[in-house]
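Encoded as C-alpha cells, the structure appears first; notes follow it.
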Amino acid sequence: MTLSGRNNLSMRECLRVAGAAFAAISMLCVLPNAALAQTTSTRSVEGTIVSDINAEGREILAVRVEGTERIEESTVLAYMALERGDPYSAEGADVSLKTLFETGYFADILIRISEDILTVRIVENPIINQVIFTGNRSIDDDDLESEIDSRVRQVYTRARVQSDVQRILEVYRRSGRFSTDVIPQIVELPQNRVDLIFEITDGPVTGIRRINFLGNDEFSDRRLRNVVATEETKWFWPFSSNDNYDPDRLTFDREQLRRFYLSKGYADYRVVSSVAELTSDRRDFFLTFTMEEGDRYRVGEVSVETELDRLDENVLRRNVPIYTGEIYNADFIESSVDNLTFLAGIHGYAFVDVRPRIHRNREGLTVDVTFEVNEGPRVYIERINIVGNTRTLDRVIRREFRLVEGDAFNRVLVERSRSRVGSLGFFESVEITEEPGSLPDRTVLNVEVEETATGEISFGFGFSSADSYVLDLSVSERNFLGRGQFLRFAVQLSARTRQVDIRFTEPYFMGRNLAAGFDLFQVRNDFVESQFVTDTSGGGVRLGFPISDTNRVNLRYTVRRETITPDGGLCNVARYFVDTDGDGVDDRGFTPLPAVCRLTGSTWLSLLGYTLNSDHRDNPVDPRRGYILSINQDIAGLGGNIHYLRSEADARWYYSPFERGFMEDVVLTLSGSAGYVFEWGGDVGTRNNDRFFKGGSSFRGFEPSGVGPRSLITGNALGGRMYAIGTVELGLPLPIPEELGVESALFFDFGTLGLLTDEDIGGPNLRPFIQDDLTLRSSIGVSIFWDSPFGPVRVDLAEALSREDYDITESFRFSGGTRF
C-alpha cells in the first residue's frame with residue numbers, strides 16, 4: 001500500500017470510492033423510472049451528495065448517521081449545517097460535507113436526501129498504531145519524529161502524511177542531502193488501525209563544487225570565499241561541516257558579505273542575487289553571488305545631537321570612535337551606539353535611545369553621520385525566562401546577562417547579553433524575544449537556547465624534526481556538571497617530553513567575574529643537547545580577570561619539586577681529568593666539571609607570577625591588522641630553596657598593506673620578545689633549567705638550544721640569562737588553487753642569547769672552557785604552511801646569515817599533526 005507525492009490513492013481508499021459510486025448507481029438502478037428522472041448526484045472534491053431533484057427547500061423530517069465506529073453520532077451531527085426541521089438546500093449540504101472533512105476524522109462521506117430523510121454515511125479515518133522510519137542511516141528516528149505531525153494514537157489523514165513527507169525532505173536538505181526519496185506506506189490492522197511507515201533512501205551528501213562571485217571588482221574571489229561560511233568541497237578533506245548546501249547558511253553568507261563590504265567603506269553595496277544550481281547528477285551545487293559593490297566612501301561630518309540637559313554634546317562626540325577623512329566602517333557605528341548608550345547611563349539616563357542618521361554624499365563620496373541621543377520610553381524588565389537548557393544551570397546563563405529583573409530595558413544591553421551567552425560555546429543557538437508584561441511599562445524577556453555537546457575526547461599525533469614524534473590524549477569538558485566549569489585531563493608523550501596534567505577552571509569564582517582554577521602536573525624533560533634530565537611534579541592555582549575589553553590580568557602561584565639528573569657519565573671526574581705527567585694531579589690545577597653537576601638532586605620551587613595581555617587584533621585567528629602585547633613575570637623564593645626573578649615581554653604587530661586584488665593576502669608581521677632572569681636572596685648563580693634556551697621554532701635556522709652559551713668540555717648548551725629575538729615575516733599568497741590550503745611566508749629572524757656570570761658556570765676558573773658571546777645572530781628563510789587532510793603541516797627552510805662557530809644550525813625543519 002503506497003502513498004506517494006503524486007496524489008495516488010491507497011487501495012483501501014480506491015475501494016471506498018468505488019463502493020460509494022457503486023452504491024449510488026445501484027440505488028438509482030432499483031428506483032422506478034419516474035423516481036430516477038427526479039434524482040441528482042453531485043461528486044465534490046471529496047465526498048458525494050445525492051438528492052432528489054425536487055428536494056430543494058423541503059423540510060428535513062429526520063437526519064440519520066451511518067458507518068460510525070469510534071465517533072459518536074452526536075459528534076457528526078454537531079458539524080452538520082442542516083438539522084431536522086430545516087429546509088434542505090444544496091448549499092447547506094455542501095457546507096456540511098466540507099466541514100466534516102475539515103475535522104480530519106473521515107476518509108469518505110456520502111450525504112443523501114431521499115423522501116425528506118437526510119442520511120450521512122461516513123467512513124472513518126484509521127488510528128495510527130505506530131510510526132516507523134526505515135532506511136534513515138544519517139538522521140536518527142528521534143530527530144525525524146520531532147519534525148513530523150503524525151503521532152501514535154492520532155487520526156491518520158493523507159494530507160498530514162504528505163505534509164510530513166515534505167518536512168522530512170526539508171530536514172535532509174538542511175543536512176545537504178538533496179537526492180533523498182521518502183515514500184510513505186500504511187499497513188492495515190484490525191479495528192481500523194494502521195502502521196505508518198516512511199521508507200527513506202538517504203542519498204549522498206550534496207557538496208559545493210564551486211562558489212562564484214559576479215561583480216566583485218575590488219576584492220578577489222579568494223578573499224570573499226574566506227568571508228562566507230559556506231566552503232567548497234575538498235576531495236582530500238572529508239571533515240568539513242560547511243561544505244554542503246544549506247539555505248539558511250546561504251542567507252547568513254549574504255549578511256556576512258554585506259557586513260564585510262560595509263566595513264571596507266562600500267556603503268552602497270548590495271547583493272543582487274544568490275543562486276544555488278544543482279548539477280545534473282544531483283551531487284553538487286554551484287553557488288553564485290551576484291553583487292554591486294558601488295563606490296568607496298570616506299567619513300564626512302560626524303556630530304552628536306541631544307536635548308538632554310545633563311549630556312554635553314562635545315563630551316559625547318569625544319566618545320565616538322569615528323573621524324573625518326577615514327574609510328567609512330559600519331562596525332564603528334554599532335560601537336559608537338554602545339559607547340553613547342553607556343555614557344548616557346552613567347549620567348543617569350537609563351532610558352536613552354541612540355539613533356544614527358546616515359547621509360551619503362554621492363558626489364563627494366563621503367558619509368555624514370549624526371547620532372541623535374534622546375530619552376526613550378520608560379520600560380522595565382519584569383521577568384527573564386530561560387528555556388531549552390536541559391543541562392546548563394540557569395545561573396550560568398543569567399550571569400552573562402548585562403540586565404536583571406527590575407532593570408530599565410536597553411536593547412543594546414539585550415543584544416550584548418545574547419552575544420555573551422552565545423560566546424560561552426555551550427549552545428547551538430541563542431534567541432531572545434520580548435513579550436508584553438503585566439503592565440504597559442513592563443516587558444518579559446524569553447531566552448531560548450539549544451544546547452550542544454561540550455565534552456571532547458582528543459587523540460593527537462604529530463612529528464617534528466626536533467621532537468621526533470608527539471602523541472597526546474586529552475579528555476575535556478567545557479561545561480562540567482552544567483556549571484560552566486572547565487575540566488581537562490591530558491597526557492603527552494614525545495622523544496623529549498612526558499607530561500601528565502589535570503586542569504580545572506571556575507570562570508565565575510564566588511559569583512564574580514574572576515576565573516579561578518588549579519593545575520596538577522608531572523613532567524619529564526630530556527635536554528638532549530645539555531645532557532641532563534629534569535623531573536618536575538607539583539601544582540598551582542590561578543586567578544584571572546579582565547581590566548577592560550582588550551586587557552586581561554592572570555595571576556598564578558605554583559609549587560613544584562624538581563629533580564635534575566645528568567645523563568650517563570656527564571659528572572664523572574675521570575671523564576675530564578687531564579694528567580700528562582702521571583703525577584696524579586690535573587695539569588690545570590683543577591678538574592672542570594660541568595656546572596649542571598653541582599645542581600644535581602632535588603629542590604623545591606615556590607613560584608608567584610602574573611601575565612598581562614593586551615589584545616588589539618582585528619581577528620585573533622587570522623589577524624590582518626592590530627597588535628598584541630604580553631608581559632610575564634615570575635618570582636621564586638616565597639618558600640622553597642630557589643630564588644630568582646624571571647621577566648619576559650612579547651609584542652606582535654600585524655599590517656596588511658593591500659585590501660584588494662591578488663595581494664590582499666599579504667600580511668606583514670613584526671614581532672619581538674625579550675627576557676631576563678637573575679637570582680636573589682643569597683643564591684649563587686642560576687640553574688640550567690631556569691635559564692632561557694632558544695632555537696628551533698623560536699629562532700629558525702638554528703637547532704633547538706642551538707643558539708647561545710656552550711661548554712667546550714662537553715659541547716652542551718648552557719642557556720642564557722638574557723635573550724632578545726625579533727622577527728620580520730611577510731605572508732605571501734601562492735599562485736595555486738586555494739582549495740589546496742597551501743600558504744607561504746618569508747621571514748628574517750635576528751637576536752642574541754647569553755650573559756652568563758661566573759657563578760652560573762661554576763666559577764671563574766671555568767670561564768676559558770665556556771663560549772658565551774652576546775653577539776647578534778640572524779637567519780633568513782621561507783615557511784610553507786599546508787592545511788592537509790591529516791592536520792596542519794609546517795616546513796621551515798632557513799639559512800643562518802650570522803652565527804658563532806659553536807652555534808648549531810638547522811636548515812630544514814618539519815612539524816605537523818592532527819586531532820580527531
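The values are calculated or read from the model by the stated rules, or taken from the named source; none is laboratory data. None of the values given here were measured: they were computed from a predicted structure. All Cβ positions, glycine included, derive from the backbone under ideal geometry; neighbour counts span all protein chains shown. The area values use the complete protein model at the heavy-atom level, side chains included, leaving out ligands, DNA and RNA. Shrake-Rupley method; radii C 1.70, N 1.55, O 1.52, S 1.80 Å.
Most tightly packed first, judged by the mean number of other beta-carbon atoms within 10 Å of their residues, the peptides 62-75, 748-761 read 748-761, 62-75. The charge dipole of region 73-143, taken about its Cα centre with unit charges on the Cβ of Lys, Arg, Asp and Glu (plus for the first two, minus for the last two), comes to roughly 200 debye.
In the context of the full set of protein chains, region 407-455 has a per residue accessible area of 54 Å² (1.4 Å probe). May I ask what percent, to the nearest 5, of DSSP beta bridges between residues of region 315-468 are antiparallel? Around 75 percent antiparallel, to the nearest 5. On the beta carbon distance between E292 and R70, with R0 = 56 Å, the FRET formula returns roughly 0.35.
Measuring nothing but alpha carbons in region 705-776 and taking Rh as the Kirkwood radius, the Rg to Rh ratio lands at 1.28.
By a 1.4 Å probe calculation restricted to protein chains, W680 has an accessible surface near 90 Å², given to the nearest 10.
Computed from label points 7 Å out along Cα-Cβ, the spacing between V387 and D549 is 3.3 nm. Take the Cβ-Cβ distance between Y323 and L797 as r, set R0 to 41 Å, and report the resulting FRET efficiency rounded to the nearest 0.05. With a Förster radius of 41 Å, E is 0.40. Label positions at N525 and F769, each projected 7 Å from the Cα along the C-beta direction, are separated by 2.5 nm. Cα centroid separation, region 89-168 to region 675-740: 76 Å. Rounded to the nearest 20 debye, the dipole size of region 362-434 about its Cα centre is 420 debye, using +1 on the Cβ of Lys and Arg and -1 on the Cβ of Asp and Glu.
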